[in-house]
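To start, the structure under review is shown below, and the notes come after it.
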Ligand code: PAF
């Protein structure tokens, strides 16, 4: 009988432990991005995962699918929209197919410097843009930083806009970026990321991205010339599937937002403190750098973009006016 009692106690203990441990099992959040570990998106994602794990006492675990293991940014966005993936960090480029109004943020030469970026994009106006994402089935959590984009190519030094003429430039899958480079005289080719082999094979002559991308994706191996054009401040957008997010307890929704905003602050600092180092490394790797291109020639060439039909849609136009007034 004693043996039987012990067996019962052991059985109930096992049952109890099982229940407790399954009640404690973390909710796994899948988060997709296209760049590798060490990239800006990954820095944001890892910080977010760490903050959310700590602040929720282990209730949430973020599984990062990096390096495009879930597909291109457009494909990742489709998966988040359908709810197959809960979260993503993507560039704004492909996003304007989903919510056209976001293209105002990437308007060329909109932001003068990081101080302006921080007060305007990471302030109430940026929150206004994030609020628009719900109409496409996304919850906007925060913006984070890709950085000011600079032109690279393998054919010739580019000092002024006249030197761009005829260059085959890879652009993000975005109407704005395509129009921008057409306006500048290039031959733009929209494609997803990565693009190393296309540059290596010469299918395209150049590309444009922040310095960290040119360094971490080893583009200096296949691109000779770099011009610090800084033509677009490129943001990442950190999003969740709307339905999934809305089903979380209110406190957890708030927690996700604050963890992502804090991860963004951390990542921006990471990005900016390393700029000089990235530039030095690119020069050392053999790139010929024009540090002071004729930016005015680019700025005046892109003025007509504002009058393109894509900026005439009333909501987009009004939003662009607000951004222009604030910058
Ligand atoms: O050019 C792009 O597609 C983006 O800037 C990249 C490299 C994916 C970083 O966000």
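Within the P(r) computed for the chain, what percentage of the Cα pairs occupies the region above 24 Å? Walk me through the intermediate numbers first.
Numbers: 30133 of 53301 pairs.
Of all Cα-Cα distances in the chain, 57 percent exceed 24 Å.
Please compute the contact order of the chain in relative form: average sequence separation of alpha-carbon pairs under 8 Å and at least six residues apart, divided by the residue count, as a percent.
Values: 567 pairs, mean separation 77.7, N = 327.
Relative contact order comes out at 24 percent.
Please give the Cα centre distance for the range 71-93 versus the range 255-327, rounded to the nearest Å.
22 Å
Give me the three principal axis extents of the range 21-129 from the C-alpha atoms, as integers in angstrom, largest value leading.
53, 28, 27
Taking the radius of gyration and the Kirkwood hydrodynamic radius from Cα positions alone, what is the Rg/Rh ratio for the range 119-188, to two decimal places? Don't jump to the answer; show the numbers that get you there.
On the way: Rg = 16.4 Å, Rh = 14.7 Å.
A ratio of 1.11.
Give me the percent of DSSP beta bridges within the chain that run antiparallel, rounded to the nearest 5.
On the way: 21 of 37 bridges.
Here the antiparallel bridges make up roughly 55 percent for the chain.
Using the Kirkwood radius over Cα pairs, work out the Stokes-Einstein diffusion coefficient for the range 92-237 at 37 °C and 0.692 mPa s, in µm²/s as a whole number.
On the way: Rh = 15.8 Å.
Diffusion coefficient, whole number: 208 µm²/s.
Once fully extended, how much extra length lies between residue 318 and residue 132, figured as 0.36 nm per residue of separation less the alpha-carbon to alpha-carbon distance?
On the way: separation 186, 0.36 × 186 = 66.96 nm, distance 1.36 nm.
Length difference between fully extended and current span is 65.6 nm.
For the chain, take the longest principal axis of its alpha carbons; what is the angle in degrees between that and the long axis of helix 275-284, to the nearest 10 within 0 to 90?
That helix lies at roughly 60 degrees to the long axis.
What do you get for the angle between helix 40-55 and the principal long axis of the chain? Use alpha-carbon atoms, 0 to 90 degrees, nearest ten.
30 degrees
Binned at 10 Å from 0, what are the whole-percent values of the Cα-Cα distance distribution for the range 237-327, short to long?
So the P(r) values, bin by bin, are 11, 19, 27, 30, 11, 1.
Does anyone have the angle between helix 73-82 and the longest principal axis of the chain? Alpha-carbon axes, 0 to 90°, nearest 10?
40 degrees
Show me, bin by bin at 10 Å from 0, the whole-percent P(r) of the range 171-215 based on Cα pairs.
For the range 171-215, the binned pair fractions read 26, 57, 17 percent.
Would the range 226-280 count as rounded, prolate or oblate if I go by the C-alpha gyration tensor, calling it rounded below 1.5 in a/c and otherwise prolate when a/b exceeds b/c, oblate otherwise? Present the calculation step by step, with values, prior to reporting the outcome.
Values: a/c = 5.18, a/b = 2.42, b/c = 2.14.
Since a/c reaches 1.5 and a/b is larger than b/c, the shape of the range 226-280 is classed as prolate.
In nm, give the distance between the simple-model label positions of residue 26 and residue 254, each being 7 Å from the Cα along the Cα-to-Cβ direction.
2.4 nm
Ranked highest first by average number of other Cβ atoms within 10 Å, how do 187-193, 167-173 line up?
Working: 187-193: 17.6, 167-173: 22.0.
Going by the mean number of other Cβ atoms within 10 Å, highest first, we get 167-173, 187-193.
How many times 2.2 N^0.38 Å is the alpha carbon radius of gyration of the range 186-279?
Values: Rg = 17.9 Å, N = 94, 2.2 N^0.38 = 12.4 Å.
Compared with the compact-globule rule of thumb, the range 186-279 sits at 1.45.
Scaled to the compact-protein estimate 2.2 N^0.38 Å, what is the alpha-carbon radius of gyration of the range 170-327, rounded to two decimal places?
Values: Rg = 18.8 Å, N = 158, 2.2 N^0.38 = 15.1 Å.
Relative to the 2.2 N^0.38 Å estimate, the range 170-327 comes out at 1.25.
Per 0.36 nm of contour for each residue apart, how much would the distance between residue 274 and residue 244 grow if the chain were fully extended, relative to their Cα-Cα spacing? Please list the in-between numbers first.
Numbers: separation 30, 0.36 × 30 = 10.80 nm, distance 3.58 nm.
Gain in length upon complete extension: 7.2 nm.
Give me 196, 225, 233 ranked fewest to most by other Cβ atoms within 10 Å of their Cβ, as a rough exposure proxy. Present the calculation step by step, with values, prior to reporting the outcome.
Values: 196 15, 225 20, 233 27.
If I rank by nearby Cβ atoms, fewest first, I get 196, 225, 233.
Based on the Cβ-Cβ distance of residue 57 and residue 78, what FRET efficiency does E = 1/(1 + (r/R0)^6) give at R0 = 51 Å, to the nearest 0.05?
0.95
Quick check on packing: order 252-261, 234-243 by the mean number of other C-beta atoms within 10 Å, highest mean leading. Provide the component values of the computation, followed by the final result.
On the way: 252-261: 18.6, 234-243: 23.3.
Result, highest mean Cβ count within 10 Å first: 234-243, 252-261.
Computed from the coordinates by the stated procedures, all read-outs in this text should not be read as laboratory data. Here the structure is a predicted model, which is why all the values come from computation and not from measurement. Every residue, glycine among them, receives a Cβ derived from its backbone with ideal geometry; neighbour counts consider all protein chains shown.
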